[in-house]
């Protein structure tokens, strides 16, 4: 993987490379280098190959925004952000989002596409939050956002300090199964080990979050059916 990352960086930095020189630089045979290039093509990197003498390779000259070196997690975040924006239904500045989404999906391997689709199915968009809720909402602390983000993607159990509406702070151990956006407020729909049942928690009320290292298995959707109705969305 490190060799592929170095090879990708070199292809992006140099307008033209020779397979023989690339193989020597990366300490592999030309045959191995050719397989590496094939793997990068499968991941969506637009590599052109000259069949003539010298075996030159380059990135597609028409490749523009594709030069952004997005990590997998960054690409997933961007794709999910596009999906959320489309679900919100705003017609302003969104005309090209579907084309961007298709290109992002095309850059993933089939396995990664399945993972992204599974993540997308766990992100819900509801109605806009009431003015009362919006007035009391704030941004969650960055450490909380990062821990929740990782726990959600990796299906990892999370220990949190949660401030209830009455301002009492409780410690909870949760499994973050779904994320719900009631614009502009995010909620996490989780299995709460303290209560022994699914709960919906406002993300901005999470004061602290700690990854436990313990993984969880997604529970049947039937356990969360009472939350899908509007009356069950607020904790």
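Bear in mind these aren't lab numbers, they're just calculated from the coordinates by the rules spelled out. Note that this is a predicted model, so its numbers are computed, not measured. Every residue, glycine among them, receives a Cβ derived from its backbone with ideal geometry; neighbour counts consider all protein chains shown.
Mind checking the full-extension length gain between residue 74 and residue 88? Use 0.36 nm per residue of separation minus the Cα-Cα distance, one decimal, nm.
Result for the pair: 2.9 nm of gain on full extension.
Under 8 Å for C-alpha pairs, at least 6 residues apart: give me the relative contact order for the chain, rounded to a whole percent.
Result for the chain is 14 percent.
Note down the nm distance, to one decimal, between modelled labels 7 Å out along Cα→Cβ at residue 9 and at residue 106.
Using points 7 Å along Cα→Cβ, the separation is 2.8 nm.
So for each of 117-124, 153-160 I average, over its residues, the number of other beta carbons within 10 Å; can you give me the resulting order with the highest mean first?
153-160, 117-124
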